[in-house]
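Chemist: Quick one: the structure is below, questions incoming.
Quick note: the coordinates plus some simple rules give every number you see, no bench work behind them. None of these values were measured; they are calculated from a predicted model. Reconstructed Cβ throughout: ideal geometry from the backbone, glycine too, with neighbour counts over all protein chains shown.
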Amino acid sequence: MATIPAEAFANDPYRAPPEAVLDALRTSARSGLSRAEAERRLAQGGRNELEAAPARPEWLKFLDQFADVLVLLLIVAALVSGAVWLHERDSALPYEALAILAIVILNALMGYIQEARAERAAAALRQLSALHAHVLRAGARMDIDAADLVPGDIVFVAEGDTVPADARLIKSTALQVVEAALTGESVPTAKEVAAIPGEAGLGDRSNMLFSGTTAVYGHGIAVVTATGMRTMMGRIAGLLQKAPDELTPLQRELARVGRALAVTVVVIAIAMIGAIFLLGEVRSAAQAFDVLILGVALAVAAVPEGLPAVVTAVLSIGMQRMARKKAIIRRLSAVETLGSATVIASDKTGTLTRNEMTVRRVVTASGWAQLTGAGYAPDGEVELVGAQTSLAALRREVDRALTAAERTNNAVLRESDTGWVVQGDPTEGALIVAARKAGLLPEALDARFRRIGEVPFSSGRKLMSTIHTDTERPERLLLMTKGAPDVLLARCTHELVGDHAVALIGARRAAILAGNEALAGQALRTLGVAYRSLPGERPEGDAFEEAERELVFVGLIGMIDPPRPEARAAVARAHAAGIRSLMITGDHPATAAAIAAELGICADGRTVTGAELEAMTEAELDRTVEAVSVYARVDPEHKLRIVKALQRAGETVAMTGDGVNDAPALKAADIGIAMGLTGTDVSKEAADMVLVDDNFATIVAAVEEGRAIFANIRKFLRYLLSSNIGEVMTMFFGIVLAQAIGLSAAAAGAVALPLVATQILWINLVTDGAPALAIGVDPADMDVMRQPPRPRGEGVITGRMWAGIFFVGAIMAVGTLLVLDAALPGGLIEGAGSMAYGQTMAFTTLVMFQLFNVFNARSDEASAFRGLLRNRWLWIAVVGSLLLHAAVIYIPVLQDAFSVVGLGAGDWLICVAVASSVLWLRELSKIVVRRAVPDRAPAR
């Protein structure tokens, strides 16, 4: 197999005609590359991707876990402790030094694993939202990953697409492309096919498409000339370098909380160390060293320096769960905002409905016809059931209407392994299917009517026209038009009756519009079709649009896109969650009202049109959006006004969109949602979330998952902070009250400490590790969608949460110190144990406190026993932590390392009984809260 000729890239393709470029690249505009050749070129030239920055080595990522001042202090302390052991040799091994180093390494390993998991999750999400390209290979049109494009591929580019590679145009229909990223010119560039002689600057190469630019109008076909780093964007790769990721509001708040807690704990640790020294308990350098290690250990255990990283991991894991539910989150901040959404403003077609348009009725001057069958399979018949004159005349009119609808069409109907599918606009696909049912086969239509020009559809004109030659009447050209009936009718002067064009009088116009209203009232979407004979010369430039006048109206076509069966239930779930559903559509008001009523979005049938919105003042619109839930005949520009009005009313808005013009509204919305199937690349880039299946129910499922993720972050924080505060209170008050609880007497000249440094570090490792992460992936609460949205601007940690956190921390401290007191001679409760025994009892009690607390932390209000068995990972983590602690208590080498002694069954019973108090006391406080605060009901 010959290689790709070098001259194909060495010469500027814009200077050569399309045929020469195709020949140089050894490809065909009719069939494209073969699959085998495409694979060979991909292997030879590499993937169509910009070179990424070199990956950071894994060993450096692991070392990053030690880049913290407190961790480095611990390592230094361990080394000093080892040096003291070498000098004194008071034990077989430097147990304390080894224990500290082992815990530091294990903590680093856990942090590394969490970050690696978050990176894998993010990479998987990027793969899901990767850019795709529409190509012609082996004569078949298909969608492929843009990274698999190779020079010589034939690509299709339409309005809203991001150009996937540098390419030479071979066909252009009113194609316009924004090339600001390369040229700095914000005005779209009109594209044409003709070769450009001589040298031309980048902005003047009107027959070239450049990777990363955006098509904003029309469509075209091009042959790929360069991929990857050989593209213009690749040569100017600096323009596409990603800026550093900014922290989300949630991460910034957590960082602030972490810093505040760090300052507080460090101050407490310094005060505690100072108190020990002032009390005169430090009598040797070794004791002073132990106290300093204790202070550092307490700070390391209590300061949640890894909070932002762990929360990012929880968010990434949650985002993967959302991706499995067909909602791809493009920005982390969207996860936070989902829990606050109060309004979902959704398109109708494809989101609330199936997006499987089916033509049901064709209405012409002589009557109407009913079409049978459903979906895209061309199985069905045309039944002439409403003839007012002759069936023959009605049949001719129906055939003319369906012919015009089929010809003004860019969709492709094909049969796949799973059935008939439409590539392109579903409405256009339905028109092709209807023509097939009428016996209008593509071969015959192609033979008679060959397209030579097109005026593409635009949301402003609401029309699409094509110009054809007619082999039966070669002296003329035929313009065929389809579009919104009211807009189209205004451009018509005649109507087809049988075989003749009859002047369109006022009464007949009114009758047609009334018929259109009747179809819309039956929830049918309507299109009008018309035609016009043109002189034999092909119009050029603006003359294309100028030709859309003095048309002959042929008929109305009514089609239905039935509601998705799951959409009604999703609307009801959203309502129960305090979320209002809005429908914003370009369809007829009557159609929109009928579908909205069926879905439960609107019961009163009130609908506001785009024209009415246009005439409203800002104050009028603000009042309207509070009362109206259905908006019809709306242009994308109107969406932006609706979003801003809702936000002025204090709503948190999720807005869907799929077109280029939807991008401003998606950007302005609190949560911009793009359609994955029908959405343009521009809308996806502007959005925070992409729906893989374009389904409204997926939005509601994403809101539920978003609420669950945010709730899990709160559970994680509630557990982590209350446990850490419990440790700090235990140590601080244990030292302050050492005399009262018998700790000073039991110390017998040593420093009186409730726990030693290695024990604190072990608690942090065992209880803040696996259980904390397991609670971060807790299943969604059963009533998460029966609560109102989280108030806008509410912090991740509320005042009620802080109260619960300190309440639990106090219970832990009091319980642990009482067990310590009871284990030692003297104090408030008489005991008879040694210092090592007392510290072991306190150590075990505090561990058990935190393992009980993990169940408390699942809610500030709901009982810990609710859904107790739903999270198997939590039980695995708790049992694993308990077994690890038992190993420390009973394995001799670990006993020496952690300064503990073995415990009997009675000792364990005391520790478990006291530690369980955190569960029962917290349950009582939750009952008080539930009685004091009425059940929160949905706001709407």
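Chemist: Sticking with the crude label model, points 7 Å out along Cα→Cβ, report the distance from Arg476 to Ile105 in nm, one decimal please.
Modeler: My value for the distance between the label points is 9.0 nm.
Chemist: If Lys and Arg each add +1 and Asp and Glu each add -1, what is the summed charge of the other residues whose beta carbon sits under 10 Å from the beta carbon of Ala501? Spell out each step's value before the answer.
Modeler: Values: positive: Arg532; negative: Glu495, Asp499.
Taking every Cβ under 10 Å from that of Ala501, the sum is -1.
Chemist: So which lysines can Lys684 reach, going by Cα to Cα under 17 Å and dropping same-chain residues fewer than 8 places off?
Modeler: Qualifying lysines at Cα under 17 Å: Lys326, Lys639, Lys667.
Chemist: If contacts are Cα pairs under 8 angstrom and at least 6 residues apart, what is the relative contact order of segment 570-654 in percent? List each step's numbers first, then the result.
Modeler: Values: 109 pairs, mean separation 26.9, N = 85.
Relative contact order for segment 570-654 comes out at 32 percent.
Chemist: Given the options Ala365, His500, Gly439, identify the residue whose Cα lies farthest towards the positive end of the charge dipole of segment 358-560 (+1 on Cβ of Lys, Arg; -1 on Cβ of Asp, Glu).
Modeler: Going by the charge dipole, the pick is Ala365.
Chemist: Ordered by residue, what ³J(HN,Hα) values in Hz, to whole numbers, does segment 349-364 give under the Karplus form 6.51 cos²θ - 1.76 cosθ + 1.60, where θ = phi - 60° and Gly and Pro are x?
Modeler: Per residue, the Karplus-derived 3J(HN,Hα) values read 5, x, 9, 8, 10, 6, 6, 10, 4, 9, 6, 10, 8, 10, 10, 10 Hz.
Chemist: Would you pull out the residues with amide H under 5 Å of Arg354's amide H, same chain only if 5 or more places away, H placed 1.01 Å from N?
Modeler: The answer is Arg564.
Chemist: Between Thr418 and Val893, take the C-beta separation as r, use R0 = 41 Å, and let me know the FRET efficiency to the nearest 0.05.
Modeler: Numbers: r = 63 Å, r/R0 = 1.53.
It comes to 0.05.
Chemist: Taking 0.36 nm per intervening residue step and subtracting the Cα-Cα distance, what contour gain separates Phe865 from Glu794 on full extension?
Modeler: Details: separation 71, 0.36 × 71 = 25.56 nm, distance 2.73 nm.
Taking 0.36 nm per residue and subtracting the Cα distance, the gain is 22.8 nm.
Chemist: Which of Glu39, Glu356, Glu546, Glu406 has the fewest other C-beta atoms within 10 Å, and how do the rest follow up to the most? Walk me through the numbers before you get to the answer.
Modeler: On the way: Glu39 13, Glu356 17, Glu546 10, Glu406 26.
The order, fewest Cβ neighbours first, is Glu546, Glu39, Glu356, Glu406.
Chemist: If neighbour count is taken as other Cβ atoms inside 10 Å, put Cys602, Cys911 in order from fewest to most. Don't jump to the answer; show the numbers that get you there.
Modeler: On the way: Cys602 19, Cys911 24.
Result, fewest neighbours first: Cys602, Cys911.
Chemist: Using a Förster distance of 45 Å, how high is the FRET efficiency between Asp64 and Val901, based on the Cβ-Cβ distance and rounded to 0.05?
Modeler: Numbers: r = 38 Å, r/R0 = 0.84.
Efficiency, from the Cβ-Cβ distance: 0.75.
Chemist: Tally Lys/Arg at +1 and Asp/Glu at -1 over every other residue whose Cβ is under 9 Å from the Cβ of Ile584; what's the total?
Modeler: +1
Chemist: If I take R0 = 45 Å and measure r between the Cβ atoms of Ser458 and Met229 in this structure, what FRET efficiency does the formula 1/(1 + (r/R0)^6) give, to the nearest 0.05? Walk me through the intermediate numbers first.
Modeler: Working: r = 36 Å, r/R0 = 0.80.
Calculated transfer efficiency: 0.80.
Chemist: Rank the residues Lys348, Lys437 as a footprinting-exposure proxy: fewest other Cβ atoms within 10 Å of their Cβ go first.
Modeler: Lys437, Lys348
Chemist: Taking a ≥ b ≥ c as the square roots of the Cα gyration tensor eigenvalues, with a/c under 1.5 meaning rounded and otherwise prolate when a/b beats b/c, else oblate, which class fits segment 358-560?
Modeler: Numbers: a/c = 1.41, a/b = 1.08, b/c = 1.31.
Verdict is rounded for segment 358-560.
Chemist: Now a separate question. With charges set only on the Cβ (+1 for Lys and Arg, -1 for Asp and Glu), what does the dipole of segment 358-560 come to about its Cα centre, in debye to the nearest 20? Show your work: numbers first, answer last.
Modeler: Details: 24 positive and 27 negative charges, 79 e Å.
Here the size comes out at about 380 debye.
Chemist: Ranked highest first by the average count of other Cβ atoms within 10 Å around their residues, in what order do 626-637, 477-488 fall?
Modeler: Values: 626-637: 19.5, 477-488: 21.7.
Taking the mean over residues of other Cβ atoms within 10 Å, the ranking is 477-488, 626-637.
Chemist: Continuing with this model, one more query. Convert each backbone phi in segment 421-429 into a coupling constant with the Karplus relation 6.51 cos²θ - 1.76 cosθ + 1.60 (shift: θ = phi - 60°), then list the ³J(HN,Hα) values in order as whole Hz, x for Gly and Pro.
Modeler: Rounded to whole hertz, the list is 10, 10, 9, x, 5, x, 4, 5, x.
Chemist: Still on this structure: Take the alpha carbon gyration tensor of segment 406-457, find the square roots of its eigenvalues, order them as a ≥ b ≥ c, and report rounded if a/c is under 1.5; if not, report prolate when a/b exceeds b/c, else oblate. Walk me through the numbers before you get to the answer.
Modeler: Working: a/c = 1.98, a/b = 1.31, b/c = 1.52.
Oblate shape, in that a/c is at least 1.5 and b/c is the bigger or equal ratio.
Chemist: Using 0.36 nm times the number of residues separating Val263 and Ala447, minus their current alpha carbon distance, what extension gain do you get?
Modeler: On the way: separation 184, 0.36 × 184 = 66.24 nm, distance 8.12 nm.
Net length gain for the segment: 58.1 nm.
Chemist: Mind checking the full-extension length gain between Ala836 and Thr372? Use 0.36 nm per residue of separation minus the Cα-Cα distance, one decimal, nm. Before the final figure, lay out each step's value.
Modeler: Numbers: separation 464, 0.36 × 464 = 167.04 nm, distance 8.67 nm.
Going from the current span to full extension adds 158.4 nm.
Chemist: For a label point 7 angstrom out from the Cα of Val502 toward its Cβ, which stretches of segment 450-491 have the backbone nitrogen within less than 19 Å?
Modeler: Counting only backbone N, you get 489-490.
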